[in-house]
Structure formats: C-alpha cells, structure tokens
1. Taking the Cα centre of each part, how many Å lie between segment 237-296 and segment 148-192?
2. Using only the Cα atoms of segment 41-148, each taken as one equal point scatterer with no solvent, compute I(q) by the Debye sum, divide by I(0), and report log10 of the ratio at q = 0.11, 0.19, 0.23 Å⁻¹.
3. Quick one: what are the phi-derived ³J(HN,Hα) couplings along segment 271-283, Karplus 6.51/-1.76/1.60 with θ = phi - 60°, whole Hz, x for glycine and proline?
4. Can you compute 3J(HN,Hα) from phi for each residue in segment 47-60, using the Karplus curve 6.51 cos²θ - 1.76 cosθ + 1.60 with θ = phi - 60°, rounded to whole Hz and x for Gly and Pro?
5. What shape does segment 188-274 have by the C-alpha gyration tensor, where a ≥ b ≥ c are the square roots of the eigenvalues, rounded means a/c under 1.5, and otherwise prolate means a/b greater than b/c and oblate the rest?
6. If a/c stays under 1.5 just call it rounded; otherwise compare a/b with b/c (prolate if a/b is bigger, oblate if not). Do that for segment 203-340, with a ≥ b ≥ c from the square roots of the Cα gyration tensor eigenvalues.
7. Mind listing the phi-derived Karplus ³J(HN,Hα) values for segment 257-265, rounded to whole Hz, using 6.51, -1.76 and 1.60 with θ = phi - 60°, and x for any glycine or proline?
8. Starting from 0 in steps of 10 Å, tell me what percent of the Cα-Cα pairs of the chain lands in each bin.
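The numbers here are math on the coordinates, done by the rules we state, and not lab data. This one's a predicted model, so the numbers in the text were calculated from it and none came from an experiment. In this analysis, Cβ positions are derived from the backbone assuming ideal geometry, glycine residues included, and neighbour counts consider all displayed protein chains.
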Amino acid sequence: MGSIVDTLSRRRFVALAGATSAAVLIRPRSGRAAVNLKLTHPADTSHPVHTATEQMVKNIAERTDGEVQITIFPNNALGSPTETAQQVRAGAVDMIILNPANIEALSRTIGVVNIPYQFESYDHAHRTLDVTGRDWMAEQLAKAGFTWVSNYEWGFRSLSNSVRPVHTPDDIEGLKLRVPPELAIKLAFEALGAITQTIAFQEVYLALANKTVDGQDNPVGTTYAAKFYEVQKHIALTKHIYATVMLASNPQVWDRLTAEQRTIIQEEATAAGQSARTSVVQQEEEYLAAMEKSGVQVTRPDIAPFQAKMEPAYAELRSNIGDDAWETWQGFVEAAKSEG
C-alpha cells in the first residue's frame, strides 16, 4: 500500500508543480463568485498548443472581468491522456485538450478522424473538422461524454527511424516501429510491412536509444520537442495520418456557465486553436531545418504509393468504426474538397 500512496503523492506533487495559470487575477466586478476551472492537456509547455492556451486563459479572465479563471495542467501532469479523459467525464477535471484517438473506447465512430491518408492538406483537414464535419464530430463527442468547444492542432504525422531513409513503402518493410495505443496508426504501418510495438510515450526515447525499436511516428513538432532526433538518423514526411486535438469540457461544467461566459470561452478557444494551427505549420520547417543541421536526413516521399497500400487497414478500420459512420464521414471529407 505504501508504494501506491507514494505514487499518488508524487503524481499530485508533479501536477501542482506543473500547473500554470495564465489567468489575470481580477476580482469579479459582477459580484458573482469566480468560476475556477482546471484544464489538462498533453503538450509540452513550449508547444504551440500550450502557448496558445495560455493566451486564451488570459483573454477569458479579462473579458469575463475575472469571473472565469482557468488553471492549466500541461504535459500530462494529471495522468495519461486516457486517464485525464476519464477524469473530465467524471467531473474531477473540468476541461481537456484531447486527441480523439484517446477516447475511441468510448466512441468507436470518433475513430474516423484518424483514417490514414484521407486529407490532402492542412487546409483540407481544417475545412472538414471546422465546417463540413464539425457538427457531426461534436455529436460523437457528446455521446462519449464531452462537450466540444474548439479544434486545435497536432499536425500530420511523420516517421523517424535509425536504419535507413524512407523513399517508398518498401523502405518501411521489416522496420520495428513504436506505435501509440491507436488502432489506425498500428494498422497503417502493418499494411506497409512494419513490425509494430506499443510503448508508452514517456518510454519512447529510451526504446529508440537502446534499439528496442527502430523508429517511431509523431508530428514533426513532437519529434523535435521530445528530442527523438538525437537517437534517429532519418525522418520521412509520410503524412500518413493527420492528428488533431480538440478542446472539450465536462458537459455539466459547461452547462453551469452563463450563456455569456460560454460565448466568450468558445470565441477565445477558437482563436487559440487557429493560433496553434498557424504556429504548428510555420514551425514545422524550422524544426526540420534544425534537425537536418544536427545530422538527420529528411525525405519527402510521394505519398501515393503509401496510400495504395492502405486497403487492409481501411477494411479493418471500417469494420471497427461501422459502415454508416464511415460513409457519413467520407461524405464530409469529400465535401470539404469542394469547399476549397
């Protein structure tokens, strides 16, 4: 029992130490008691997701005259993404910036957002999530126990490895790759002939360094921030999956806010999401240049041959997600092409 208590105490200490409150401490002028909310997310404090959220929190405090104040718990300070999602559903934490893949156990249909090679560009992904598919995705989040607030950005996922440069699907054949506990990523790499192994994020650097696995996949910003490039020789911009993150709230917490407070939060959250998106895209080339300078080889393969290998992955994903949800979502994806 002592070890469990010690573990919980350490987690509580880390959470408190890692919390950042960007709220301006303003005494509410309305006479109403201040609403103090906790927001958790997995990003490092240097990531655009965090910096944009800090600005959002400041703006919300100022615009509500101090009525809504938010404390941010970054970098998985309150637990893993799956654990914190459950905390938000239970009301122990108020808000979360989550990867939809982390709640697929609660809503299989939400897995459509991670279908490999479905988006042609960042703009195409944004139009699908913000316009054509937004209301449907919000409904899926609601069914899973969350209120959707706004879309943020992780970015297109790229592949790094320590064995060889990747130009074609054949170059992935036989590579031992770490994958997160996300079905779409596992199936995509297995369709390309890789051998996959699920390893927790905090253990990935060591697994790469000691050659337990040959490589891993993440958005460029994450690969850079986690310094995976220090133990990887090659990065390929395979863009196999576009990874979004979304700001969501516990529904009861959201409903307790006034209509004016909800409007302000949604407006500032939308602005923060757009800011994060802009920074993620702009910084990709900067991070790639920095990694190349350190000796990493960056390749930009033609993705068409990779997409052509996805049929086995598509078949299993469609079976898991369901035909109706698959067809509905593909309609949103196609409609977003014409929106451009």
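1. 20
2. Normalising to I(0) and taking log10 leaves -0.41, -1.17, -1.35.
3. 5, 5, x, 5, 5, 4, 4, 4, 5, 4, 5, 5, 7
4. Along segment 47-60, the couplings run 6, x, 4, 6, 5, 5, 5, 4, 5, 4, 4, 4, 5, 5 Hz.
5. Values: a/c = 2.73, a/b = 2.70, b/c = 1.01.
The shape class here is prolate.
6. Details: a/c = 1.93, a/b = 1.34, b/c = 1.44.
Cα axes put segment 203-340 in the oblate bin.
7. For segment 257-265, the Karplus curve yields 6, 6, 4, 5, 4, 4, 4, 4, 4 Hz.
8. In order of increasing distance, the bins hold 6, 24, 33, 25, 10, 2, 0 percent.
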